[in-house]
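Novice: I am attaching a structure below and will ask some questions about it afterwards.
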């Protein structure tokens, strides 16, 4: 079975400010703020939901297909994908735009100021699932271009293709009816606990109603693990795996999704697949950047063993 991942590709540009924002922002002048911070330097990391999930899947022996748009500055990302054995064949280059980018400045108190340029992500892809032999596929609809998310969800339903719907950070941009339509028919709805409350609030559909519209709801709970709920009334609390250290939690959610999907592809049941998600997420928090971690099959199995039911 093929894995198709639709979502975003982005450059994460990370900067450290060697001070405290609060010392330079005057509360009585907030209405006329005009301020500049000199940073220690800039680190560029490869990110975006499609790239992050595909990276995790590749580490676990899968061959995902990435559906996304990227900008004129694509070559560094394409080189990165090639070095990691991932295909860029179905990534579409938008020649007049830059790749989506997050510009993140963090002060000494771990406060962050972030600017996000959607860039090429403003443009939907032109690929149809029908051209990918997708009838024998699992599609992951991850946060990215809203038109893509809605179209691929609908196309999956029309073609009888299983799909996982993951609205994530795109939630503020959805209209309630469109969001509910994407949830309807998904094999799995996955989000963190805050995002699940946002889905309920925005659509006006309680969790029980969401369960009637999708087969499975997975809710990630950060360091507390995750929760698996099924339409048949089954609820399982999934423990977290134990990382060797916690450096940066950014990207753990995408790593969880990659581990979970890889488990499904290996024929695992939902609980076993969710445990694989926990294990994969635990490696992601050990490094700065969302595609910087790595592990051997032996290391992954050992980490999986730290998830005690």
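Novice: How high is the relative contact order of the stretch 58-206, in percent, counting Cα pairs under 8 Å that sit 6 or more residues apart? Please list the in-between numbers first.
Specialist: On the way: 208 pairs, mean separation 23.7, N = 149.
Relative contact order here is 16 percent.
Novice: Relative contact order, percent, of the chain when contacts are C-alpha pairs under 8 Å separated by at least 6 residues?
Specialist: 16 percent
Novice: Quick one: if you stick a label point 7 Å off each Cα along the C-beta vector at residue 159 and residue 42, how many nm between them?
Specialist: 3.9 nm
Novice: Ok, one more. Taking Cα centroids, how far is the stretch 267-293 from the stretch 164-207 in Å?
Specialist: Computed from Cα coordinates, the inter-centre distance equals 22 Å.
Novice: Let me ask something else about it. Nearest 0.05, what FRET efficiency do residue 24 and residue 178 give at R0 = 51 Å with Cβ-Cβ as r?
Specialist: Computed FRET efficiency for residue 24 and residue 178 comes out at 0.80.
Novice: Nearest 10 degrees, 0 to 90: what angle lies between the long axis of helix 146-159 and the longest principal axis of the chain (Cα atoms)?
Specialist: Compared with the principal axis, the helix lies near 10 degrees.
Novice: Further, regarding this structure: When Cα extents along the principal axes in Å is calculated directly from the model, which label among [x] 81, 49, 38; [y] 101, 47, 37; [z] 55, 45, 44 fits?
Specialist: [z]
Novice: Need the C-alpha centroid separation for the stretch 32-103 versus the stretch 1-18, integer Å.
Specialist: Each part's Cα centre sits 5 Å from the other's.
Read the figures in this text as sums done on the coordinates, not as results from a lab. Keep in mind it's a predicted model, so treat the numbers as computed, not measured. Virtual Cβ from ideal backbone geometry, glycine too; neighbours counted across all protein chains shown.
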